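Values quoted throughout were computed directly from the atomic coordinates according to the rules given, and no laboratory measurement underlies them. For clarity, every value in this text was computed on a predicted model and none was experimentally measured. Positions of Cβ are backbone-derived with ideal geometry, glycine not excepted, and every protein chain shown enters the neighbour counts.
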Amino acid sequence: MPEIFSDIFTYRENALARTDPRTRLIVALCAILLVVLSRGPWYPLAVLVFSLASLSLLRVPTRLVVARLLVPMGIVLVIVLLKLFMTPGDPLFYVSLGQVNLTASREGLRSGLVLGARVAGAVSMIILLGVTTPAHDVFRALFWMKAPREWVEVAMLMYRYIFVLVETAANMATAQRLRLGYRGARESLRSLGVLSGSVLLRSAEQAVKTSEAMVLRGYRGSLPVSPMRPFTRADVIAALSLCALFGALFGALEWLFR
């Protein structure tokens with residue numbers, strides 16, 4: 001778990017790391033916006049392929065990429081199944097579960113694949129941004145872009161304490177495993193429920209402690225953030241050029257598969 005959330009790869013020297021963090025953030029947001037606006041699965045899949053190819057060129061371990069994609073891919077699977085069986089249309093096949101009969105439709109399959117492709121494309125772009133840009137640079141770029149300050153500060157605190165909670169969860173899980181808490185399906189489910197509830201309680205306790213500590217240290221509603229260097233003409237040209245490339249790819253794929 002700590003390795004999944006680690007940002008060690010953001011400090012590697014590469015072509016993307018040498019660009020301004022604001023350029024990377026603007027391009028990523030542009031690509032994700034186009035993914036959301038796409039009417040078919042082809043552009044999101046193209047973004048997914050681009051992101052995975054970039055991660056491979058950056059020599060990010062495959063197991064780390066797979067681990068970060070597991071949860072989103074689980075969401076994609078649920079979306080596809082829900083759309084498949086809950087959207088009316090031309091039947092593809094039938095599934096009988098006791099007294100319940102489910103009908104899979106052609107329209108549901110297409111709608112589910114489109115939504116699933118959007119999730120996969122957007123998440124892959126976020127992963128690419130996450131392995132090329134340190135978190136503090138992302139937060140500074142968001143401040144520069146005039147994002148709601150309260151949201152960014154909450155995100156900063158969440159990122160700070162994610163590692164504390166992950167370590168707490170790992171220690172609890174190890175203690176449960178040593179006490180044979182995962183020896184069977186029933187016992188594993190009970191242990192997982194206890195672990196999830198304990199972590200939620202610890203997160204609530206940590207929120208109270210953090211709030212009190214910030215007030216005692218003089219927090220008055222605004223965290224200090226160091227300013228970024230001026231956004232140069234070269235940075236603007238790079239951001240606009242990359243956004244234009246993604247826009248051209250979006251237009252071409254939407255026109256070809258309309």
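Along its principal axes, region 65-116 has C-alpha extents of 38, 24, 12 angstrom, given from the largest down. Using a Gaussian network model of the chain in which every pair of alpha carbons under 10 angstrom is joined by a spring, one finds that among Pro230, Pro41, Pro91 the greatest mean-square fluctuation is at Pro230. Computed on the Cα atoms alone, the convex hull of region 148-227 gives a volume of 111 cubic angstrom per residue.
From the alpha carbon centroid of region 195-258 to that of region 136-160 is 5 Å. Once the Cβ-Cβ distance of Ile126 and Glu187 is raised to the sixth power relative to R0 = 25 Å, the FRET efficiency obtained is 0.10.
What the Cβ-Cβ distance of Phe231 and Leu29 gives, at R0 = 22 Å and to the nearest 0.05, is a FRET efficiency of 0.90.
Scanning residues 5 or more positions from Leu102 or on other chains, those with amide H under 5 Å from its amide H are Val95, Ser96, Leu97, with H placed 1.01 Å from N in the peptide plane.
Computed on the chain, with alpha-carbon pairs under 8 angstrom and 6+ residues apart, the relative contact order is 29 percent.
Working from label points 7 Å from Cα in the Cα-to-Cβ sense, the Leu92 to Leu57 distance is 3.4 nm.
Of the trypsin sites (Lys or Arg not before Pro) found in region 102-147, those in coil by DSSP whose Cβ has at most 16 other Cβ atoms within 10 Å are Lys146.
The stretch between Met145 and Leu201, if pulled fully straight at 0.36 nm per residue, gains 16.7 nm over its current Cα-Cα span.
A Förster radius of 45 Å, combined with the Cβ-Cβ distance separating Val194 from Arg39, puts the computed FRET efficiency at roughly 0.50.
Based on Cα atoms of the chain, Rg over Rh with Rh as the Kirkwood radius reads 1.03.
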